[in-house]
Amino acid sequence: MATTEFVPVSDCSVGQCSFNHDHECSAHAITVAGSSGHAHCGTFISLGADGGLPTVHAEVGACQRGECVHNSHLMCTAHDVKIGAGADEADCLTYQAA
């Protein structure tokens with residue numbers, strides 16, 4: 001993967017997120033955060049207000065899960081990521097520990 005390409009968020013099933021619009025993320029970019037062995041969507045905001053851009057084109061801006069097999073220099077190298085319920089309400093379901 002070239003360093004100028006970003007990984008798209010292909011699905012978000014977190015209905016309580018301000019950036020979720022019909023299972024699509026309207027944030028410009030998300031950050032995958034969490035702790036060792038757990039990847040949480042750090043962009044998740046559980047508010048009643050609509051957030052994000054008028055068009056849906058979310059990508060992974062940064063990944064703080066250095067132990068994930070898809071992480072290279074804190075950037076995601078997966079084909080795409082899916083966000084949904086895991087250990088928390090908004091987790092990166094594409095995360096795989098190395």
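Restricting attention to region 43-58, which residues are of a type outside the set (S, T, Y) and open to solvent by less than 40 Å² (accessible area, probe 1.4 Å)?
Let us first name the residues in region 43-58 that are of a type outside the set (S, T, Y), namely 44-45, 47-54, 56-58.
Once the filter is applied, which keeps residues that are of a type outside the set (S, T, Y) and open to solvent by less than 40 Å² (accessible area, probe 1.4 Å), region 43-58 yields G51, A58.
Give me the pairs: first residue in region 47-72 and within 18 Å of H23 (Cβ to Cβ), second residue at pLDDT below 75 and aliphatic (A, V, I, L, M), beta-carbon distance under 7 Å, and six or more apart or on different chains, which are they?
Within 7 Å, no pair qualifies.
I'm trying to understand the selection: among the residues of region 65-98, which are of a type in the set (S, T, N, Q), closer than 16 Å to F6 by Cα and surrounded by fewer than 16 Cβ atoms within 10 Å (Cβ to Cβ)?
Keep residues of region 65-98 that are of a type in the set (S, T, N, Q), which gives 71-72, 77, 94, 96.
Still in the running and closer than 16 Å to F6 by Cα: 71-72, 77, 94.
Scanning region 65-98 gives S72, T77.
Could you say which residue among C92, C68 is within 12 Å of the chain's Cα centre (by Cα) and closer than 19 Å to S36 by Cβ? It would help to see each step written out before you state the result.
Values: C68 fails: within 12 Å of the chain's Cα centre (by Cα).
Just one listed residue meets the conditions, C92.
Check H28, H40 and return the single one that is under 15 Å from V9 (Cα atoms), open to solvent by 60 Å² or more (accessible area, probe 1.4 Å) and in contact with an Asp or Glu (Cβ under 8 Å, 6 or more places away or on another chain). It would help to see each step written out before you state the result.
Values: H40 fails: open to solvent by 60 Å² or more (accessible area, probe 1.4 Å).
The unique qualifying residue is H28.
Output the qualifying pairs, or none if there are none: Cβ atoms under 7 angstrom, residues six or more apart or on different chains, first residue in region 84-98 and of a type in the set (F, W, Y), second residue open to solvent by less than 80 Å² (accessible area, probe 1.4 Å).
Pairs that qualify, where the first residue is of a type in the set (F, W, Y) and the partner is open to solvent by less than 80 Å² (accessible area, probe 1.4 Å), are Y95/A39; Y95/R65; Y95/C68.
The values are calculated or read from the model by the stated rules, or taken from the named source; none is laboratory data. These numbers come from a predicted model, not from an experiment. Cβ coordinates were reconstructed from backbone atoms using ideal geometry, including for glycine residues, and neighbour counts include every protein chain displayed. These accessible areas exclude ligands, DNA and RNA; they are computed on the full protein's heavy atoms, side chains included. Shrake-Rupley method; radii C 1.70, N 1.55, O 1.52, S 1.80 Å.
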